Amino acid sequence: MYYEDEKNLYHYNYRKGDSNPNEPVDTKNYAEEPWETAKPRKKRTGLKLAALALCCALLGGFVGAGVNRALLGARVNKTTVQVSDREVAEITTVRIGGGRELTMPEVYAANVGSVVSINVSATSTNVFGQSVQTAASGSGFAITQDGYIVTNYHVVEGASSVKVTLYNGETYDASVIGGDEDYDIAVIKIDVTGLSPVVLGDSSKIAIGETVAAIGNPLGELTFSMSQGIVSCADRAINVDGTPFNMIQVDCSINPGNSGGPLVNTYGEVVGIVSAKYSSYSSTTVEGIGFAIPINDVIAMIEDIMTNGYVTNKPYIGITPGTMTQQMARQYRYTVSEGVFVYSVEPGSAAEKAGLKMGDVILKIDGKEIKDTAGLTAAKKGYSAGDTATFTIYRGGETMEISLTFGVTPEDTTTKAPAQDSTQGGYYNGGGFYDPWSWFFGNFGF
């Protein structure tokens, strides 16, 4: 190669292919005697540029492939859907009564075949004298395999026809065997065998906070639906159009059409009959307050209706009762202002036999306070004809206890089968149309 030293002399370093390196070094002074012009070397710029371009292309390809692979991986990772590999448990119908707590799917599977959808129709005369055909829906559940079905009295009250649809889709005409309005229970029957009856539980063992489920026919079209909740109160006294009821309060979703369906515990046992809900209170909208009739309170009457067509063992006292007030207390100079005042005693009745007299005030029955006539009616529902209870009464400024054995409610005052014609059992709402749910108007949604 060429270089210039500090004496301004050029030197040459031999390369491969040049002349003999052992020859003397040329010491010509090119500053004084210029060297003849050497032949210019061939320029290879194009080849270099091509090589450079090829290298860049290869390098860019490798880099681009890596970046593309990284970006592709990022996109794949960002859009990947995570799918669980959990195996879904198989739901099969289980045997109720084995003492094992069930999952909610198992509770449903074990009971849905026992639940029925009920559709009723009725013909009545409106305020203009015109015949009006109306329809309503409810729920029920099979209590025997040969076609006996339990529902609410208000579901079939005044119905001219009743149709029952099973879970398998089969529909049957049903006949009303009987019912009792005071307890809001009724028994209907379809001509079929091989039904799957429910297993009844013990409603007295229900605890607040316990999980329960309601299965039924909400809105008359969402058939065989189940809603879950808890027991809000195990012994709630409510009053429906003057009729007292002892209810299980729940927060399950309950709607029109659920009436008559079963309330089921986590063991798959029926502990109540869904009956009512609060939809409003005064001007306040209410949510999550529903009620069911404890099964223990009505099972004996249900069996009685199945056998006799009506409740033959309803307890009877034989008095004309009235609610004691402060005004009455001042008038009669009594020292009690609550309880049930006895206006009269029927001859030969359970009351007369027990020694009750006109002017007595009933304060307690078996230790449970009785504050008014609604409380007395509610207390009676815990007894049957022939049962004996201890009455605490006020008489002549003193309290005393007497033993009373309930008599049988006279047949003419006992609710038999709801009327199935157009002239009885119906009510009119504001529009003048028949409405079998009318007794649930007001604070109740259905």
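The values are calculated or read from the model by the stated rules, or taken from the named source; none is laboratory data. Keep in mind it's a predicted model, so treat the numbers as computed, not measured. Glycine gets a Cβ as well: all are built from the backbone with ideal geometry, and neighbour counts include every protein chain shown. Keep in mind that these areas ignore ligands, DNA and RNA; they rest on the heavy atoms of the full protein, side chains included. Shrake-Rupley method; radii C 1.70, N 1.55, O 1.52, S 1.80 Å.
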Accessible area of the stretch 133-240 with a 1.4 Å probe: how many percent of it is carbon plus sulfur? 48
Sort out for me the Cα centre separation of the stretch 369-408 from the stretch 198-213, rounded to whole Å. 28
Label-point separation (nm) for GLU401 and LEU219, each offset 7 Å from Cα along Cα-to-Cβ? 5.5
Could you tell me the calculated FRET efficiency between THR193 and ARG236, based on Cβ-Cβ distance and R0 = 51 angstrom, to the nearest 0.05? 0.85
Magnitude of the Cβ-charge dipole (Lys and Arg +1, Asp and Glu -1) of the stretch 267-410 about the Cα centre, nearest 20 debye, reported as 440
Let me know the charge dipole size of the stretch 327-378 about its Cα centre in debye, to the nearest 20, where only the beta-carbon of Lys, Arg (+1) and Asp, Glu (-1) is charged. 180
Taking 0.36 nm per intervening residue step and subtracting the Cα-Cα distance, what contour gain separates LYS357 from GLN130 on full extension? 76.6 nm
Could you rank the peptides 130-142, 303-315 by their average count of other C-beta atoms within 10 Å per residue, with the highest value first? 130-142, 303-315
Could you tell me what fraction of 2.2 N^0.38 Å the Cα radius of gyration of the stretch 308-369 comes to, as a two-decimal ratio? 1.30
If r is the Cβ-Cβ distance from THR171 to GLN145 and R0 is 25 Å, what FRET efficiency results, to the nearest 0.05? 0.85
